[in-house]
Amino acid sequence: MRIEHSRQDSAHRYECWDDYGCSVMGGAVVREQDRRAYLHDINVGSSYRGCGIGTKLLTQIIADFEGKPIIASVFEARLPWYRRHGFEPVGRTNNLIKIVRSS
């Protein structure tokens, strides 16, 4: 498994590929703005869930944005997973919880 990172302006795109380079197993999109990183999207294909791919993507994002707060809005059911990675809830908007991982 390998993670590819590309950047276009303030948008960072991450893709996690299988060992053969044939299939994207998961991906993420992060945007930089005002010395912060906004995690807009992190997804893992349904047949690859539970294999640590999301954790590998998030660990790479945390390393790449070290020294900057990382902000996301997530469903409450995902909060325990993000907390394991150092994120804390800071607010709520409708059915989404705003979380931050401080620098």
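The values are calculated or read from the model by the stated rules, or taken from the named source; none is laboratory data. Just so you know, these numbers come straight off a predicted model, no measurement behind them. Heads up, the Cβs are rebuilt from the backbone with ideal geometry, glycines too, and the neighbour counts pull from every protein chain shown.
Of the residues Lys68, Lys56, the single one that is assigned to a loop (DSSP other than H, G, I, E, B) and modelled with pLDDT of 95 or more is Lys68.
Which one of these is part of a loop (DSSP other than H, G, I, E, B) and not aliphatic (A, V, I, L, M): Tyr14, Tyr20? If you could, list the steps in order and put the result at the bottom.
Working: Tyr14 fails: part of a loop (DSSP other than H, G, I, E, B).
The conditions single out Tyr20.
If only residues of the range 53-83 that are touching a Leu at 6+ places or on another chain (Cβ under 9 Å) and exposed (fewer than 15 other Cβ atoms within 10 Å of the Cβ) are counted, the one that is nearest to Ile3 (Cα to Cα) is Trp81.
Looking at Gly86, Gly50 in this structure, which one is part of a loop (DSSP other than H, G, I, E, B), modelled with pLDDT of 95 or more and surrounded by fewer than 17 Cβ atoms within 10 Å (Cβ to Cβ)? Steps first, please.
Values: Gly50 fails: modelled with pLDDT of 95 or more.
None of the other options fit; the residue is Gly86.
When the criteria are applied in full, Ile3 meets the requirement of being within 20 Å of His85 (Cα to Cα) and in contact with a Cys (Cβ under 7 Å, 6 or more places away or on another chain).
Do the conditions hold for Leu39, that is, is it within 27 Å of Arg2 (Cβ to Cβ), at pLDDT 95 or above and assigned to a helix (DSSP H, G or I)? Spelling it out, it is not the case that Leu39 is within 27 Å of Arg2 (Cβ to Cβ), at pLDDT 95 or above and assigned to a helix (DSSP H, G or I).
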